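No value in this document is a laboratory result; all are computed from the given coordinates. Being a predicted model, the structure only gives us computed values, none of them experimental. Ideal geometry is used to build each Cβ from the backbone, glycine not excepted, and the neighbour counts take in all protein chains shown.
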Ligand code: HEM
């Protein structure tokens, strides 16, 4: 069921009945455009990278078509997602960047307790803000991976315009970024779809809202901050 976001004094009402707004529409669109284009890039890129994957390219019409699709999806991956930082309600995107580049002591504590959590146990860590240490690392891999894969991709696409030495470097940089992002994506997808505790986050990326229970259990510092902000904006 879609829930309409209300605002009061320009402040979005994030806690509605038993739900908490976690991601705006813009954030969800950019997440899914990035994720879908990433998988199209990965599939077509593997075909371009190795003859082992080339037979799979026949479902697209052959390696030449795969190459064209690879370049078109790269535009979605970079340009379309990049535009989301400037159109609609971009402040949510910028706030995400601000959050993930501010790695606190509590984030390190989360990261050191995370392996236990990942394998189904309960790690002991302090109250977490909107993004925990693990999510910040995933975000940083996504940001730096995207920057390196894009810059190296530009050099490979327009190779004649760049020095030979740079073009030679672009290939391993592109492949390494792809490996790192794929490894992070595998762990990330497991957490989003299958992990017994974390999969409750999925509704946040689908309709924007997570349950209050999830918010309290995983991000209580964030939940308590929103509650205070909302109380203040309703009073004023
Ligand atoms: C089927 C594929 C995917 C699923 C099911 C999925 C699911 C999710 C979910 C549920 C969240 C919200 C977590 C929260 O509430 O904090 C999220 C956030 C995020 N996703 Fe994905 N995602 C997928 C693919 C991807 C891919 C391919 C990338 C990167 C290329 C990506 C990058 C991110 C980032 C950076 C965040 C914010 C930080 C975080 O929560 O880890 N996602 N995703």
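Data table
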quantity	calculated
Fluctuation leader among 175, 18, 107 - the chain, Gaussian network, Cα springs under 10 angstrom	18
Three-way shape call for region 80-186 based on the alpha-carbon gyration tensor, with the a/c threshold at 1.5	oblate
Rounded tilt (10° steps) of 220-235 against the dominant C-alpha axis of the chain	60 degrees
Nearest-ten-degree value, helix 91-100 long axis tilted from longest Cα axis of the chain	80 degrees
Principal-axis tilt of helix 63-75 within the chain, Cα atoms, nearest 10 degrees	40 degrees
Protection proxy ranking, peptides 53-63, 36-46, average beta carbon neighbours within 10 Å, highest first	36-46, 53-63
Mean residue ellipticity (222 nm) of the chain, computed from DSSP H runs ≥ 4 via -39,500 (n - 2.57), nearest 500	-20500 deg cm²/dmol
Rounded if a/c under 1.5, otherwise prolate or oblate - region 20-138, Cα gyration tensor axes	oblate
For region 204-236 and region 9-82, distance of Cα centres in Å	28 Å
Max mean-square fluctuation residue, GNM over the chain, Cα-Cα springs under 10 Å, options 120, 88, 165	165
FRET efficiency for residue 127 and residue 186, using Cβ-Cβ distance with R0 set to 30 Å, rounded to 0.05	0.60
Packing rank of 20-27, 122-129, where each peptide gets the mean count of other beta carbons within 10 Å, highest leading	20-27, 122-129
